[in-house]
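Asker: Just passing along the structure, written as structure tokens.
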């Protein structure tokens, strides 16, 4: 078959397909509703319901915690904790699954478990939602790693308020201060300099 005959055949096939499709296209335009739109809406609704059914049927598998993680869980302060800007966070220990906590507030709800840290801070994480609860000695905060900001900050329990007041009265030493050896009086910079130059 020559190239001219091939192009001619393809052209006639395309014209025939357009002629066959014309009545269906006219019906869509006159009816005002697209057949493809109806199909997409139906398939999206079906897909959405199937997806939600899968999500509801899939149970969350909670991993057994280590001894270190269970010890951390014992130090978590539970209850309603007031935060800045009128926020609050409620921590409830799960009696059925030791070490797990339900952490909720006005616009969030997380299922968290303790994580071992090198700093000694108490850290709870919801790995699936990307949320982290940090409990320090003087305050706590809830952060979203996925969103990249704090959901609740300066959350203070009564025990943390006592520590925060003590820190205000006697602040911890700065990293820039000279170290003080136990049992030795701190020296003024002039005395330390003259002792060093005399040697």
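The values are calculated or read from the model by the stated rules, or taken from the named source; none is laboratory data. Just so you know, these numbers come straight off a predicted model, no measurement behind them. A quick note on method: Cβ atoms are made from the backbone with ideal geometry, for glycine too, and the neighbour counts reach across all protein chains shown.
Asker: Let me spell it out: the conditions are (1) out of contact with any strand residue (DSSP E or B) (no Cβ under 6 Å at 6 or more places or on another chain); (2) more than 16 Å from residue 80 (Cα to Cα); (3) in contact (Cβ under 8 Å) with a residue 12 or more places away in the chain, and residue 132 meets all of them except one. Which number is the exception?
Answerer: (1)
Asker: Right, another one. When residues of segment 150-171 are filtered for being under 30 Å from residue 90 (Cβ atoms) and at pLDDT below 85, how many remain? Give the derivation first.
Answerer: Initial filter on segment 150-171 (under 30 Å from residue 90 (Cβ atoms)): 150-168.
After this cut, where a residue has to be at pLDDT below 85 as well, the list is none.
The total comes to 0.
Asker: Tally up the residues in segment 102-113 that are in a strand (DSSP E or B) and under 20 Å from residue 154 (Cα atoms), please. Before you say what the answer is, go through the steps one by one.
Answerer: Kept after step one, since they are in a strand (DSSP E or B), are these residues of segment 102-113: 102-104, 109-113.
Within this subset, residues satisfying the condition of being under 20 Å from residue 154 (Cα atoms) are 102-104, 109-110, 112.
Looking only at that region, the number is 6.
Asker: Return yes or no: is residue 91 surrounded by 19 or more Cβ atoms within 10 Å (Cβ to Cβ) and under 17 Å from residue 161 (Cβ atoms)?
Answerer: Details: surrounded by 19 or more Cβ atoms within 10 Å (Cβ to Cβ): yes; under 17 Å from residue 161 (Cβ atoms): yes.
Against the criterion (surrounded by 19 or more Cβ atoms within 10 Å (Cβ to Cβ) and under 17 Å from residue 161 (Cβ atoms)), residue 91 qualifies.
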